[in-house]
Amino acid sequence: MFAALINRAQATVDNAIGQVFNRALIAIPFILAGAFATAALAFRLVREFGPETANLMLAGLFLVVGLLSAAVFRARPAAATAGEEPLPEALAGSEDATASKPLDAPDRELLMAAFTSAAPIAVPALLRTIIRNLPLVLAILSALFVLTRPSEQSAEADAPAS
């Protein structure tokens, strides 16, 4: 009787998890492109203004971007709830208190039960996504390997003079 409902819920969760991982895999090249663009900008600014000024300029740029994104994300929920009545002060204060409170034991057990029940669905979907995008995953891992290796110039600079 409930088998169709459970199967449909599993399919929905499977599709949602697959979409999340696909979006994450799509976002990774854009993040890497942004990192390389930042590195190129840093090299250009160092060449033009010197290392100290260039680093201060980049820090200021990221500070402005961070403040703008914080303002956008803070304004978005306020705009969504603009048509609703404000909560009484007693309820508004209780929301802040519950948001910072750690999970209780029953809540933790419920969350772990949800994770353990979703794992048989999520792991195969994750493996299918990784295998389907294996060339992209290998390219990202090889790029990370190359980027994290120390260069020969820095190894020579770190070696003591004889």
Taking R0 as 35 Å and r as the Cβ-Cβ distance between ALA3 and PHE73, the FRET efficiency 1/(1 + (r/R0)^6), rounded to the nearest 0.05, comes to 0.25
For the pair LEU126 and ALA11, the simple spin-label estimate (label points 7 Å beyond Cα toward Cβ) gives in nm 2.5 nm
Note, segment 128-134: 3J(HN,Hα) by Karplus (6.51, -1.76, 1.60, θ = phi - 60°), whole Hz, Gly/Pro = x, goes 4, 5, 5, 5, 5, 10, 4
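Every number in this text was worked out from the coordinates using simple rules, so none of it is lab data. What you see is a predicted model; the values in this text were computed from it and never measured. In this analysis, Cβ positions are derived from the backbone assuming ideal geometry, glycine residues included, and neighbour counts consider all displayed protein chains.
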